[in-house]
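Participant: Have a look at this one.
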């Protein structure tokens with residue numbers, strides 16, 4: 001598997017840990033109950049309920065495996081005051097040609113949600129601003145090759 005670190009806030013770590021515990025206990029029991037019911041219906045070769053229950057069981061086990069791996073490789077980050085953009089930083093940037101600043105928190109990919117101002121450290125913009133300081137310009141390269149510049153207006 002992948003030995004790469006996954007950066008999470010304590011809140012996200014706890015949320016994923018709770019999800020894993022739920023899936024291991026209640027989720028597995030529900031899937032087993034559904035499987036037993038489907039088996040009781042008879043012929044498994046043409047039993048849609050059985051095939052659906054098996055599919056749900058596979059999805060559940062896949063999610064359990066993903067969560068186990070993620071939690072093992074998790075590094076907990078917290079908000080901090082520093083002058084350089086890093087994991088957990090809250091950064092304000094201004095896109096060239098724009099009037100308004102954009103406030104972003106640098107988080108791991110599992111927590112990224114731009115609608116909440118949470119930017120993945122692995123996103124093109126996240127990669128461009130990592131290691132920068134207030135006043136520096138970061139150049140973000142888009143997948144299509146275009147470049148956009150951002151000025152770091154604050155870091156905390």
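Participant: Taking the stretch 60-80 on its own, how many of its residues are in a helix (DSSP H, G or I) and surrounded by 11 or more Cβ atoms within 10 Å (Cβ to Cβ)?
Facilitator: 11
Participant: Residues of the stretch 138-153 being out of contact with any helix residue (DSSP H, G or I) (no Cβ under 8 Å at 6 or more places or on another chain) and surrounded by fewer than 14 Cβ atoms within 10 Å (Cβ to Cβ), which ones?
Facilitator: If the condition is that a residue be out of contact with any helix residue (DSSP H, G or I) (no Cβ under 8 Å at 6 or more places or on another chain) and surrounded by fewer than 14 Cβ atoms within 10 Å (Cβ to Cβ), then 144, 145, 146, 147 are the ones that fit.
Participant: Condition test on residue 12, is it outside the structural domain of residue 123 (by TED's automatic domain parsing), out of contact with any strand residue (DSSP E or B) (no Cβ under 9 Å at 6 or more places or on another chain) and part of a helix (DSSP H, G or I)?
Facilitator: no
Participant: Within the stretch 121-129, can one find any residue that is under 18 Å from the mean Cα position of the chain (by Cα), crowded, with 19+ Cβ neighbours inside 10 Å and outside any helix (DSSP H, G or I)?
Facilitator: Yes, the stretch 121-129 contains a residue that is under 18 Å from the mean Cα position of the chain (by Cα), crowded, with 19+ Cβ neighbours inside 10 Å and outside any helix (DSSP H, G or I).
Participant: Here is a check on your reading of the model: is residue 103 under 30 Å from residue 73 (Cα atoms), at pLDDT below 95 and over 14 Å from the mean Cα position of the chain (by Cα)?
Facilitator: no
The values are calculated or read from the model by the stated rules, or taken from the named source; none is laboratory data. Predicted model only: the values in this text are computed from it and were never measured. Note: ideal-geometry Cβ built from the backbone for every residue, glycine included; neighbour counts use all protein chains shown.
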